[in-house]
1. Would you mind giving the total buried accessible surface between chains D and B, with a 1.4 Å probe and ligands, DNA and RNA left out, rounded to the nearest 100 Å²?
2. Restricting to bridges with both residues inside the protein assembly as shown, how much of the DSSP beta-bridge set is antiparallel, in percent to the nearest 5?
3. Across peptide A:326-333, how many C-beta atoms of other chains are within 10 Å of each residue C-beta, on average?
4. Can you flag which of B:Lys97/B:Lys250; C:Lys65/C:Lys117; A:Lys97/A:Lys250; C:Lys250/D:Lys97 are past 23 Å Cα-Cα?
5. Using only atoms on other chains, find how many Cβ atoms lie within 10 Å of each Cβ of peptide B:127-135 and report the average.
6. Assign one of three labels to the range C:73-199, namely rounded, prolate or oblate, based on the Cα gyration tensor with a ≥ b ≥ c the square roots of its eigenvalues; rounded applies when a/c is under 1.5, prolate when it is not and a/b is larger than b/c, and oblate otherwise.
7. If you rank D:Lys250, D:Lys65, B:Lys189, D:Lys91 by how much accessible surface each has, with a 1.4 Å probe, what is the order from largest down?
8. For C:Glu104 paired with B:Val193, estimate the spin-label separation in nm (one decimal), with each label point 7 Å from Cα along the Cα-to-Cβ line.
Protein chains: 4
Amino acid sequence: MTKLGLGVLGVGRMGQRHAENIQSLVPGARLIAVADVDLDGARRLANALEIEHHHASIEALVERKDIDAVVIASPSRFHLSAVQAAAAAGKHIFCEKPLALTLEGVDQAILAAYEAKVLLQVGFMRRYDPAYAEAHKRIEAGEIGAPIIFRSIGRDREPPPLSFYESGSGTLFLDSSIHEFDLARWLMKDEVVDVHAFGGTLACPELSQFGELDAGTVNLRFSRGAIGNVESFRQSRYGYDIYTEVVGSKATLRIGYLQQTGFTILSGEGVTHDVVDHFLVRFAQAYLNELRDFVQSVLSDSPPKVTGDDARRALAIALAADRSCRDSCTVQVASQARTEPVRPVS
Amino acid sequence: MTKLGLGVLGVGRMGQRHAENIQSLVPGARLIAVADVDLDGARRLANALEIEHHHASIEALVERKDIDAVVIASPSRFHLSAVQAAAAAGKHIFCEKPLALTLEGVDQAILAAYEAKVLLQVGFMRRYDPAYAEAHKRIEAGEIGAPIIFRSIGRDREPPPLSFYESGSGTLFLDSSIHEFDLARWLMKDEVVDVHAFGGTLACPELSQFGELDAGTVNLRFSRGAIGNVESFRQSRYGYDIYTEVVGSKATLRIGYLQQTGFTILSGEGVTHDVVDHFLVRFAQAYLNELRDFVQSVLSDSPPKVTGDDARRALAIALAADRSCRDSCTVQVASQARTEPVRPVS
Amino acid sequence: MTKLGLGVLGVGRMGQRHAENIQSLVPGARLIAVADVDLDGARRLANALEIEHHHASIEALVERKDIDAVVIASPSRFHLSAVQAAAAAGKHIFCEKPLALTLEGVDQAILAAYEAKVLLQVGFMRRYDPAYAEAHKRIEAGEIGAPIIFRSIGRDREPPPLSFYESGSGTLFLDSSIHEFDLARWLMKDEVVDVHAFGGTLACPELSQFGELDAGTVNLRFSRGAIGNVESFRQSRYGYDIYTEVVGSKATLRIGYLQQTGFTILSGEGVTHDVVDHFLVRFAQAYLNELRDFVQSVLSDSPPKVTGDDARRALAIALAADRSCRDSCTVQVASQARTEPVRPVS
Amino acid sequence: MTKLGLGVLGVGRMGQRHAENIQSLVPGARLIAVADVDLDGARRLANALEIEHHHASIEALVERKDIDAVVIASPSRFHLSAVQAAAAAGKHIFCEKPLALTLEGVDQAILAAYEAKVLLQVGFMRRYDPAYAEAHKRIEAGEIGAPIIFRSIGRDREPPPLSFYESGSGTLFLDSSIHEFDLARWLMKDEVVDVHAFGGTLACPELSQFGELDAGTVNLRFSRGAIGNVESFRQSRYGYDIYTEVVGSKATLRIGYLQQTGFTILSGEGVTHDVVDHFLVRFAQAYLNELRDFVQSVLSDSPPKVTGDDARRALAIALAADRSCRDSCTVQVASQARTEPVRPVS
């Protein structure tokens, strides 16, 4: 069987993980090349993974005939142009979230993929985490009755490096809370229609220079009346803490855990265990599963599980949260979501 | 040593618990009489507790010379008149929350106690729970740094009986969330200035006839910039779940637990344990501690730990949440809190 | 209704708790007097509990006509003589474990109660703990199938004071493990036939002067083939940790928990919570329940739930463990248990 | 850099996992071939992993010049002959536990490796689990003081298939408890000198035909006086439960956890979560880490971390447990352990 040739754009933390996964753990895929404007970084990663090719741009990457699909893990503000370049070259696309920083950008990305007849999947990896996947399955099966309240918190141990903010990678709500917004839609099986957000730069004063928040709390109202809340925080200090609840009319689901290793020490000071410290640890399986699924979808000519429309709707909530926080008022989520054109099966 | 004579108004669940505690477990106190408009109920409780006296009204109760203080546990809308009657009779007062259903009512209650020179304590019992008390102590000691985010959920297993709603005992925010609002002020050591609430009648359609909510999510903004969220829900079905977090600049506190007995069963279906089912179980120690403290404050002529001003400020937040939920907008908390006159030491 | 008049012998920690419970929390009972060879201690407790009478001896206590039953909480080596004195005076008896320090002693105690036609209950309070009671109920209901493996650990935070050892209160296995041995019989619904024990004085060298162990591990074999293990340890330092498992052919039960207050702190050092520190905290409800049940049994002329025969069988296991540890061999449990004469219903 | 060529003997569950790990996740290693008497099975695995070679025997495997080291994962009773064949061919050896089924066999295996100057590592993978590794590190650092009590349970969800027993793969103590015995030595930093075991065929009557136990409890005494207990059980039904405690004079360590996914459901029946179901899940990281370490040791000409002597000492404990269980007496562990000859550094 011929394998799908993949290229990875961006050799930061996330791009590196995707490349490693493709190289070793994704059946049906072959890692062909990596690319980054930091050519040295690209070379180092290529060497480490023992692949032959590295490039300095998405253009060079998608020129390659042996590449069938690209994984886009560059800074968020470059996602759109990379998607457009990949689509123009007829490559299937896996793109990290957010797909673009504006609804217009998302529409252009979706359109580009549609016109090029390539598959476009977006990196909401939590849907592929075994615990979240189980939760979704139970809800589908009716175990909790009607979903009534959604609640999710996402806390990083430490904020991203300042270079992240300098690269224009999106606000707290666009970069971080967007994961919770996607979960909200997916687990509640409903759309968010109104949001209200309070936020602040409370723990990391160095973010003020970028006008960035480090903490936010977002109230949600869903179209069928359900309510919810999302918290995002950049500096918990104790660990990477992702915790979600879906309260239903019959039962409640929780997804989340803190302990990383299963090691505990009991002393006169109490009982102490460690905490998961990083998203690459917490969601290691999810990052792997999403790429496996992407590759399978391409190989089997199936539609992606996480679509451009999903990206658009989560972004719309994030943008509404941004505005609510700025104006201190309830904001309606832009409802004119365009449905993603279904990829024509050739 | 002469004991403080106490009377209890209201022989519902809460009044009964207070009466039992006083009868057996509160040093320095003696239960003299109970009163309720339901005279039979009052008689039954008096018999069960082997006390001689029961009455049909607060007026009859406070006429008694052998009563020094009253515990008010009647339906919320009768709190104010009971406080006024007790104060007029020169009795010290422990009153269940909410002290009254309007800010004006609270002001009248505070004034009545002030003019009568009696001590007035309000039943925010969670401050007396060992876990919450420990949290407060740690925050005072600076262990978490500056409090940044407050988060608290309160879920009942089942809603109160319909008679509760018929008795006009206050909305979801006034009756239930008000505990979280008090914790927010007390643990964050700050005042709430803005609130935003979404709510719904999502699980208990029978509440619609009263225009009552069964679920609410309230965003909070504190005067020094911190943010927070409170959720209240009337029908979790799985148990009584009270859970609070205070995220600080250095560390985070959690207060809460689910398991009631320490019994677990492990089978092919997974690991299962039980859940605390009722506030009288979860806060048994707190209900006891608050009355012990009330009695000690009276006996030692000290100011109460939970004051009428605390009641007023928590109510102001609840009223703002009510309005926010109705009007779907951010609402400022009424800031003109009157400080409670300190009880003159005779 | 006339109340059962109770006297308490021994005003140490345990006697004090029993006296407090009787004074306030045991329906149908009235605390008449306390007694201790330390007459000052007895007086102080009587004053604290506002009862009129205190005495220096069991003899003085049981002379009282207004006392119907006694609670024996003196040092273990005085249990037998106290039981005999109480029985001779026709008083019903609740006796702390161990009932006596030898099988002959237990037989004498049982005989004394039998001949005096008084009820004799032994203080294996864990049977009255809600979690253990639930476990027992589930086993009875067949939820775990056939019990196969028993496992129980009992760890004190700190060893008893040296005065405890000076008073001759029994070895590690007789004083501490005996609780686990009683659970083993009760939860497995079977008798222990063989034991093997290793032990040591590993943490508290000051116990060597008494020839006492601070740590022991006891293998058990039950008559129907099931196996088990019991660990006892005197100085965990982290808390009072009681943990039991019953592995069944269909499912497994666990009974135990560590956290005392539900307060947790999360910091860069990990997640830390407190630990239950003392048996009077962990088993507060059980101590209360057992006395309530004792009083009800006496009042209703019913047989006790924990009998002299239970005391005898648990002691036989403990004595076998003592010998096994000394001789480093498997030891058969003395099987000639005498069944307790059923108390004749008058 | 040239990679170490590896061959895997045995394509059962365990051999398959080792082969997959080597193929993708072990730096410095290249999977050359797999071998099994079941040649079809070997071919299927080779195909699945896209490697070219498969063989029907260890002899064929070790004839290959491109193979530098072998991983032995055949049934236990074939371990010794495979080790001897590999050593004779000058291949480095990673062998699953037990290294052999008798002390003489272990001695022969050690001698073979010694004379061939090849590295021999044994598959006690738990030492490579992050939680166990952390525990070991803390003990080394003195955090718990002197280790006093060791306690470890190992429960499989279901017993191995009957073919496992037919293949003569060792008793409960040799096949399963041996992991706990290795942990006992490693974590307590002491040798076991006496053991006592009770066992039974309590849950799986079909094992009686092989004279096999499904449950055992083993008391341990260490050379410096510490004590311990090990439980092994073949059929928990609820999951794969590995749990270890080391009680020290200052603090206590726990290693273990039950929850697999972090998904929880809360309903009127209680709070339920799932359970780790298999050792390949629980110890996925450990299996990977041990092979990475093995490869690094070979490449850097360093001695192995888990030696033939470790295998010998753990086996001696297991054999003593076998005999104790049979004879119902305390058994001394064969103390004449031969120290493994250090591999000469060329």
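1. On the way: alone 15170 and 15160 Å², together 29410 Å².
Answer for the D-B pair: about 900 Å² buried.
2. That works out to approximately 60 percent antiparallel.
3. On the way: counts 0, 1, 6, 4, 7, 0, 1, 0.
Neighbouring Cβ atoms belonging to other protein chains average 2 per residue here.
4. Cα-Cα > 23 Å for B:Lys97/B:Lys250; A:Lys97/A:Lys250; C:Lys250/D:Lys97; rest within.
5. Partner-chain Cβ atoms within 10 Å, mean over residues of B:127-135: 4.
6. Here the range C:73-199 falls in the oblate category.
7. If we order D:Lys250, D:Lys65, B:Lys189, D:Lys91 from most to least accessible, we get D:Lys65, D:Lys250, B:Lys189, D:Lys91.
8. Each label point is offset 7 Å from its Cα along the Cβ direction, giving 8.3 nm.
The values are calculated or read from the model by the stated rules, or taken from the named source; none is laboratory data. Nothing here was measured: the structure is a model prediction, and the numbers come from that model. Here the Cβ is made from the backbone with ideal geometry for all residues, glycine too, and neighbour counts use every protein chain on show. Ligands, DNA and RNA are stripped out before the accessible areas are found, and what is left, the full protein with its side chains, is counted by its heavy atoms. Shrake-Rupley method; radii C 1.70, N 1.55, O 1.52, S 1.80 Å.
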